[in-house]
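Let me begin by presenting the structure, written as structure tokens, before commenting on it.
The values are calculated or read from the model by the stated rules, or taken from the named source; none is laboratory data. Note that the coordinates shown come from a computational prediction; the quantities given were computed from them, not determined experimentally. No Cβ is skipped: glycine too gets one built from the backbone with ideal geometry, and neighbour counts run over all protein chains shown. The area values use the complete protein model at the heavy-atom level, side chains included, leaving out ligands, DNA and RNA. Shrake-Rupley method; radii C 1.70, N 1.55, O 1.52, S 1.80 Å.
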Amino acid sequence: MNSSLPCVALILLVLAGSASAAGDAKRGAQVFDDECSDCHTTTAGGKNGKGPVLFGLVGRTAGTVPGYDYSDANKASHFVWTPEQLEAYLPNPKGAIPGTKMRYAGVKDAGERADVIAFLQTLK
Ligand code: HEC
């Protein structure tokens, strides 16, 4: 009977792990405030700053916010901003899009990244 206990513990650990991997939009809003808001706004019809407005980001193609002067590199990426694409881009934007004009080193912490991606998904 007792031999099943370690198994249950393992399942609980895996569940806890996947819950945190999904990210927390509230914590992500704080990360965004600290890391991204100098350059990006997040509201519908918001102004483009140093970077393009990120309202409606998830699901749209890179380089398509009207009135924002993107780098050729960003437009040529043809990335579609899915959560998976953001997970690949945000740790090292210049690595993912060589020649991008986003001067930002990246979100290195996996937990913070998951949180900020969860927040970005609420911008619709
Ligand atoms: C120092 C200013 C700056 C900071 C800080 C910054 N960005 Fe950017 N971001 C830019 C610029 C500039 C671009 C346009 C890149 C280009 O055209 O090459 C951009 C582009 C982007 C794009 C592509 C948008 C599109 O429409 O293709 C995403 C996604 C993005 N940033 C997310 C973030 C997130 C999330 C953070 C914080 C974790 C962040 N950025 C922090 C300046 C910044």
Would you kindly find the accessible area of HIS40, with a 1.4 Å probe and non-protein molecules such as ligands, DNA and RNA excluded, rounding to the nearest 10 Å²? 30 Å²
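Can you give the net charge of the other residues whose Cβ lies under 10 Å from the Cβ of GLN30, counting K and R as +1 and D and E as -1?
Details: positive: LYS26, ARG27; negative: ASP24, ASP33, ASP34, GLU35, GLU112, ASP115.
Once positives and negatives cancel, what remains is -4.
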For the pair LYS124/TYR68, report the inter-label distance in nm, with labels modelled 7 Å from Cα in the Cβ direction. 1.7 nm
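Students sometimes get this wrong: rank LYS75, LYS108, LYS47 by accessible area, probe 1.4 Å, all chains present, largest first. It would help to have the intermediate numbers written out before the result.
Numbers: LYS75 90, LYS108 135, LYS47 160 Å².
The most accessible residue leads, giving LYS47, LYS108, LYS75.
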Just read off the accessible area of PHE55 with the full protein assembly in place, 1.4 Å probe, to the nearest 10 Å². 70 Å²
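How much length is gained on full extension from ALA76 to ASP33, taking 0.36 nm per residue of separation minus their Cα-Cα distance?
Between ALA76 and ASP33, full extension yields an extra 12.6 nm.
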